[in-house]
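Reading through the structure tokens given below for one structure.
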Amino acid sequence: MFDTLTNSFTTAIKKIRTFDDEKALSKALVELKKSLLKADVNHKVVKQLIDEVGIETRKGEIGKDQFLEALRTTLHKLLEVGGNKGFVFAPNPPTVILMTGLQGSGKTTTTGKLAHYLKSKQKKVLIVAADLQRLAAVEQLRQITTQIDVELYEDETTKNPVEVVSGALKKAKSGIYDVVLIDTAGRLAIDEELMDELKCVKDAANPSEIFYVADSMTGQDAVKTATTFKEKIGIDGVILSKYDGDSKGGVALGLSSQVKVPLRFIGSGEKMQDLEVFLPERVINRLMG
Ligand code: GDP
């Protein structure tokens, strides 16, 4: 993960050998800017980052150490939107999570991955099949839940996701579940019908948090749709899926600050174990070498 981003970043840093004046600093900033743009980091985010690194560096004695320190501080500010937390449990179980996203974004797969992750932490999970738009979604969840040995709640007697969610939450009242993950319907594009249905499902679920699954292969479109979901439904975190297929990787760097919602997990493959908590410190360490 982050290979291209890391490569171009470390190459840029290597080029910056010793420097001690304003001219050298400007050169270093140009190298940094080039590496970020090459990795497809949003140009506004790049500008903000470069400006801040410049300001931070000039606060001390201009030199490589001060520059790298400034870069680290600025990356922290960029990535630590809303604090980074991975999965957060509600004070009283079950923690109810609404999984949202466009069709094909990887939402159903990510729901399974998240359940697998929680199971590995000895949590009891109930997955709710509330994506009734896509015919194959329920069957897909049956296969996933069998594979990871997690319980699935489905109700074939209704086409109304609100009824499914209400039934699932009634079942969850038994108190045995730590987490309820609700897989909601996606559409190929954002439309009013999707948003209205989601609002009703949200009201019925009263979720602890809403996660938006964004396909990193769609680059800046992922940022745009996440922003729309935030405005219309309210989202508490983004999970960036298909990061393994994103050859550049820059979207992860700009997403949190652009959408102003923390990036919580990153999906990096089709297998159930291919999910990582997004930890800014780890990413920064990788980037800075
Ligand atoms: P949904 O319509 O949003 O529920 O999408 P799905 O969960 O059905 O995923 C769509 C496709 O993306 C499937 O073929 C998944 O196997 C694949 N997929 C999901 N997450 C990832 C990921 O992190 N990496 C890769 N390479 N493929 C993924």
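All of the numbers you see were taken from the coordinates with simple rules; none came from a lab. Being a predicted model, the structure only gives us computed values, none of them experimental. Don't worry about glycine lacking a Cβ; one is built from the backbone with ideal geometry, like all the others, and counts go over all protein chains shown.
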| remark: Among Gln143, Gly237, Ile62, the residue whose Cα sits farthest towards the positive end of the charge dipole of the chain (+1 at Cβ of Lys and Arg, -1 at Cβ of Asp and Glu, taken about the Cα centre) is Ile62
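What dipole magnitude, in Debye to the nearest 20, does the chain give about its Cα centre under +1 on Lys/Arg Cβ and -1 on Asp/Glu Cβ? Please list the in-between numbers first.
Values: 41 positive and 40 negative charges, 155 e Å.
Here the size comes out at about 740 debye.
Full extension from Glu80 to Ser166: what is 0.36 nm times the residue separation minus their Cα-Cα distance, to one decimal in nm? Please list the in-between numbers first.
Numbers: separation 86, 0.36 × 86 = 30.96 nm, distance 3.49 nm.
Fully extending the segment from Glu80 to Ser166 adds 27.5 nm.
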| query | For Glu151, which sequence-distant residues (separation of 5 or more, or a different chain) have an amide H within less than 5 Å of its own amide H, given hydrogens modelled in the peptide plane? | reply | Val125, Ile127
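Nearest 20 debye, what's the magnitude of the dipole of the stretch 241-289 about its Cα centre given +1 on Lys and Arg Cβ and -1 on Asp and Glu Cβ?
Working: 7 positive and 6 negative charges, 33 e Å.
It comes to approximately 160 debye.
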| said: Below 15 Å, Cα to Cα, which aspartates and glutamates can Lys260 reach? Residues fewer than 8 away in the same chain don't count. | reply: Glu80, Glu231, Asp236
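Using Cα-Cα distances under 8 Å and only pairs 6 or more residues apart, what relative contact order does the stretch 32-125 have, in percent?
Numbers: 33 pairs, mean separation 12.8, N = 94.
Over the stretch 32-125, the number comes to 14 percent.
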| note | Extend 7 Å from the Cα of Ser174 along its Cα-to-C-beta direction; within the stretch 136-155, residues with backbone N under 16 Å of that point are 150-155
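Please report, in whole Å³, the volume per residue of the convex hull around the C-alpha atoms of the chain.
Numbers: hull volume 34.6 nm³, N = 289.
Convex hull volume per residue, Cα atoms: 120 Å³.
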| request: Just subtract the alpha-carbon distance of Lys27 and Phe89 from 0.36 nm times their residue separation and send over the number in nm, one decimal. | output: 17.7 nm
| Whole-Å distance, taken between Cα centres, linking the stretch 71-129 and the stretch 255-289 | 11 Å
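Explain nothing, just the number: dipole magnitude of the stretch 142-185 about its Cα centre with +1 on each Lys and Arg Cβ and -1 on each Asp and Glu Cβ, in debye rounded to the nearest 20. List each step's numbers first, then the result.
On the way: 5 positive and 8 negative charges, 32 e Å.
It works out to roughly 160 debye.
Please work out how much length the chain gains when fully extended from Thr4 to Gln273, using 0.36 nm per residue of separation minus the C-alpha to C-alpha distance, in nm with one decimal. Each step should come with its number before you reach the end.
Numbers: separation 269, 0.36 × 269 = 96.84 nm, distance 2.25 nm.
Length gained between Thr4 and Gln273: 94.6 nm.
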| Share of antiparallel DSSP beta bridges in the chain, in percent to the nearest 5? | 10 percent
